[in-house]
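Data first, discussion second: the structure below is written as structure tokens.
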Amino acid sequence: MVTYEINNINVNTIWNKFEQKCIKEAKASLGISKGQFRNIKDPAWWNDEVKNAVSIKKKHFKVWQGSGREEDQNEYIRVNKEAKLKVAQTKQRNGATLDIKINKYIKDEFGHLLTSNSSINKRWYQYYRELLSEEFPSQPLEKQPNTSGPLQAISVAEVTQAIKRMKKNKATGPDSVPADLWKLLGPVGVHWLAKLFNHILHTHAIPDAWRRSYIIPFYKNKGDISDCNNYRGVKLTSHTLKIWERILHNRLHQLVTISEQQHGFTRSKSTTDDIQTIRIIMEKHRLNCEDLHLVFIDLEKALDRVPRKLVWHAMRAQCIPEHYIVLVQDMYDRVTTQVKSMAGLSKPFAVNVGVHQGSTLSPFLFNLVMNHLTKDIQSPVPWCLLYADDIVLMDKNPKELQDTLQKWRLALETNGLRISRSKTEHLECNFSDSQSSGAAIMLDAQPLPKVQKFNYLGSMLTTTATVDEDVTHRVNTAWL
């Protein structure tokens, strides 16, 4: 460990010396990894069915070798062919799945397919630079008063708990210092890190190395795989920054009460809660022969485009002490990123809008924004459900639902968030067995697409409220 006194040195000097020392010692002791070896028995295809077929083949081989009889040989040949066929079919199916998930070639803004690494890198750079630099229009925000409060020193216990919650063997950001290191350093590392965090707490400045990140584009399994718009960019940031974020998140979480309608990234709640709630409501309406209308709101690039001034505004409106707001603001000051794709690494560029995808603190910050903007228009559970930016509005009366949707549109779009006109959809459940009302739910004088089924948080909901479609969907996507 670096043993100099932290309080008397600039935070960049502290971290740079520590990072260089760690990387130097790691290279000398462990060498440089060239990637994880891929076992030939990839668990993606080496499943129970294949294992059983191979096991039967081995048993028949032993029987034949022990007896030497022709009938045992013929039986072994038969089961051996079956095992080979099973392995080939399973590998082929898994390979088809990988072809869907992994793609290098993308299209430019005019729809032309790009094949060279340089043009692909340039396109990713252009796409994310535009995405992370432009905000949707919004109205001026009212000035919120600052809230003062005590600023307690970060304890060793807080650092220990934050490190404990970090997962092992995860990809690192540009600084290449993994969370595994802090786990291995034990109490020595915890005490050193506590000193560093307290230095940051009072200077309001993180190391510049933590301001850099990589963006990894992940296909959403929906739409054209060569279209950049169908990818979600996840940022790889410094693991030590993530530990810092966890400590801030734990403190901020104790200061704010999130609405009970919000289940996204909240403790003791999951996607299962929302899915089960909707299914129960649909089943009750089906049994009572009452119609039900559902609107699934899709926000365009919600986390990528949320205005940062709106994040600070929401934090102040919910009485978070100003010194914590300043600490979070510093994490977003002068940040840069690079797109890391199968074509290589793009040039760095500044990130001026949105919260960091893949960050520990970002989901909480987004929930604060949604809580602030919609707390006065959220219908009671279960008629309004939120899972981060996945919003469901329900009502028996389509006119009432229309009014509710209009309130949500005004609350969100006047503050820099935008509802998608093409991906926000209407599910009408005609349980009364009467002639369909044909009522359309409008958004800006444009009717929402009316669908027979909707994939909500991985579960297929249908107008009939049955689970048959969901079972089929899960079977078909079991390999994805």
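Bear in mind that the values in this text are calculations on the coordinates, not laboratory data. No experiment lies behind these values; they were computed from the predicted model shown. As a convention, Cβ positions derive from the backbone with ideal geometry for all residues, glycine included, and neighbour counts pool all protein chains shown.
List of remarks:
- Separation of the LYS122 and LYS284 label points, Cα + 7 Å toward Cβ, nm: 5.9
- Of the residues HIS204, THR466, PRO449, the one whose Cα sits farthest toward the positive end of the charge dipole of the chain, with +1 on the Cβ of Lys and Arg and -1 on the Cβ of Asp and Glu, is HIS204.
- The alpha-carbon atoms of the stretch 205-292 define a convex hull whose volume equals 173 cubic angstrom per residue.
- Alpha-carbon gyration tensor eigenvalues x 5, square-rooted, for the stretch 346-480, Å: 29, 22, 14
- Between ASN146 and GLU25, the simple spin-label model (points 7 angstrom out along Cα→Cβ) gives 4.0 nm.
- Environment charge at THR462 (Cβ cut-off 9 Å; Lys +1, Arg +1, Asp -1, Glu -1): -2
- Measuring r between the beta carbons of LYS183 and ASN47 and using R0 = 30 Å, the FRET efficiency lands at 0.40.
- Residue-count net charge about ASP180 - beta-carbon cut-off 10 Å; Lys, Arg +1, Asp, Glu -1: +4
- Loop-resident sites, the stretch 283-383, for trypsin sites (Lys or Arg not before Pro), counting at most 11 other Cβ within 10 Å (DSSP): ARG334
- If R0 is taken as 30 Å, the Cβ-Cβ distance between ASN221 and MET342 corresponds to a FRET efficiency of 0.95.
- Ordered by the number of other Cβ atoms lying within 10 Å of each residue's own Cβ, fewest first, LEU287, LEU151, LEU405, LEU236 fall into the sequence LEU287, LEU151, LEU236, LEU405.
- Gained length - VAL256 relative to ILE9, 0.36 nm times residue gap less alpha-carbon distance: 85.5 nm
- Entries in LYS122/LYS450; LYS309/LYS347; LYS242/LYS269; LYS143/LYS423; LYS269/LYS423 that, when Cα-Cα distance is taken, lie over 29 Å: LYS122/LYS450; LYS143/LYS423
- With a Förster radius of 25 Å applied to the beta-carbon distance between ARG165 and ASN103, the computed FRET efficiency rounds to 0.15.
- If both residues of a DSSP beta bridge must be in the chain, then about 85% of such bridges are antiparallel.
- Least to most buried among SER270, SER238, SER459 (fewest other Cβ within 10 Å first): SER270, SER459, SER238
- Sequence of SER133, SER341 once ranked by neighbouring C-beta atoms within 10 Å, starting from the fewest: SER133, SER341
- Counted by Cβ distance under 11 Å from GLY149, the other residues give a net charge of 0, where Lys and Arg count +1 and Asp and Glu count -1.
- Chymotrypsin sites (Phe, Trp or Tyr not before Pro) restricted to the stretch 394-480 and DSSP loop, no more than 12 other C-beta within 10 Å: none
- Charge dipole (debye, nearest 20) of the stretch 55-213; +1 at Cβ of Lys and Arg, -1 at Cβ of Asp and Glu: 860
- Kirkwood hydrodynamic radius (C-alpha pairs) into Stokes-Einstein, the stretch 421-471, 25 °C and 0.890 mPa s, D in µm²/s: 202
- Taking the Cα centre of the chain as reference, the dipole from Cβ charges on Lys and Arg (+1) and Asp and Glu (-1) amounts to some 2140 debye.
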